[in-house]
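To start, the structure itself, in structure tokens.
Values in this text are rule-based calculations from the coordinates and carry no lab data. If you're wondering where the values come from, they're calculated on a predicted model, not measured in any experiment. With ideal geometry, Cβ positions are generated from the backbone for all residues, glycine too; neighbour counts draw on all protein chains shown.
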Amino acid sequence: MAWTSAAAGSLALHILGADETPARREVEQSRAAVEDAMGVERGRTFYLDQVHSADVVTADGIGWGGAAGPTADASVSPDGSQPLAVLVADCLPVLFVDGLTGATAASHAGRRGLLDGVLENTVDALEALRPAGARGTFGMKAWIGPGVCGRCYEVPEDMRAEAAARIPELHSTTSWGTPALNLPAGAQAVLRARGVAVERIDLCTLEDERVFSHRRQPGRGRFVGLVWTTGAEAADRG
Ligand SMILES: [Zn+2]
């Protein structure tokens with residue numbers, strides 16, 4: 001489980017225009033360099049075509065080197081064998097490991113996805129992989145990665161009211177006193193309500209220039225949250 005910094009370069013192809021071949025090559029080189037650092041085969045990481053939906057797909061063994069990812073906002077690797085990536089720049093990357101089955105998952109959780117249930121759907125998908133006698137979320141863990149914090153994510157008053165009506169923990173106020181949303185607190189509340197153990201990485205994308213922020217620098221780039229298992233971990237589970 002890891003996050004890339006801005007120093008790793010932008011890892012998103014979808015924000016490039018069709019004619020930006022040099023930029024595309026740069027993203028592909030950056031993705032390969034990240035895989036070298038992870039110790040996984042180049043092109044094997046599963047990337048999604050993210051659209052702020054609540055849809056979850058199963059990683060099919062084909063990484064970005066072989067095909068364009070399917071349209072969805074969360075992915076699951078049933079045996080944890082395929083590295084999963086989620087592209088972000090202010091939205092939350094939420095990464096999962098189910099200690100019971102060895103399954104992994106990665107979710108893209110922004111305001112829309114959170115409200116529409118992308119995290120609940122991801123937990124459901126992981127739970128469905130468990131044997132019938134072991135349903136539930138005991139042994140499931142999630143990491144909430146860097147995103148825009150509750151002091152920075154300014155929204156209109158009516159948007160805050162709508163969001164907080166669904167997930168009260170989203171309600172926040174900016175450091176300058178205007179309506180805001182606290183995505184990390186909202187995500188944590190949703191996951192805890194499902195009994196998932198949660199760890200939060202308190203790093204605000206808007207305030208910390210080590211990571212990309214769409215609000216600070218629109219279109220500049222996306223970083224990724226990654227979850228993968230090493231051979232040693234797989235062997236430990238037998
Ligand atoms: Zn902040």
Along each of its three principal axes, how wide is the spread of alpha-carbon positions in the range 35-164, in whole angstrom units, largest first?
-> 45, 38, 24
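Determine Rg/Rh for the range 173-218; Rg is computed over alpha-carbon atoms and Rh is the Kirkwood hydrodynamic estimate from the same atoms.
Values: Rg = 13.1 Å, Rh = 12.5 Å.
My calculation of the ratio gives 1.05.
Relative contact order of the range 1-80: what whole-number percent is it, with Cα pairs under 8 angstrom and at least 6 residues apart?
Values: 97 pairs, mean separation 18.4, N = 80.
The normalised contact order for the range 1-80 reaches 23 percent.
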Electrostatic dipole magnitude of the range 159-238 [Cβ: Lys, Arg +1; Asp, Glu -1; Cα centre; debye, to 20] = 280 debye
Please build a GNM for the chain, connecting alpha carbons under 10 Å apart, and tell me which residue among 53, 213, 175 fluctuates the most.
-> 175
Rounded to a whole number of µm²/s, how large is the Stokes-Einstein D of the range 1-47 at 37 °C and 0.692 mPa s, given Rh as the Kirkwood radius over C-alpha pairs?
-> 291 µm²/s
Find the cysteines in the chain that fail to meet the 4.7 Å Cβ criterion with every other cysteine, and list them.
-> 91, 152
Rounded to a whole number of µm²/s, how large is the Stokes-Einstein D of the chain at 25 °C and 0.890 mPa s, given Rh as the Kirkwood radius over C-alpha pairs?
-> 137 µm²/s
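Which three numbers, in whole Å and largest first, are the semi-axes of the equivalent ellipsoid of the range 1-91 derived from its Cα gyration tensor as √(5λ)? Please list the in-between numbers first.
Numbers: eigenvalues 74, 53, 34 Å².
Result for the range 1-91: semi-axes of 19, 16, 13 Å.
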For the range 116-169, how big is the tail of P(r) above 18 Å, as a whole percent of Cα pairs?
-> 53 percent
Cα extents of the range 28-68 along the three principal axes, largest first (Å) = 30, 18, 16
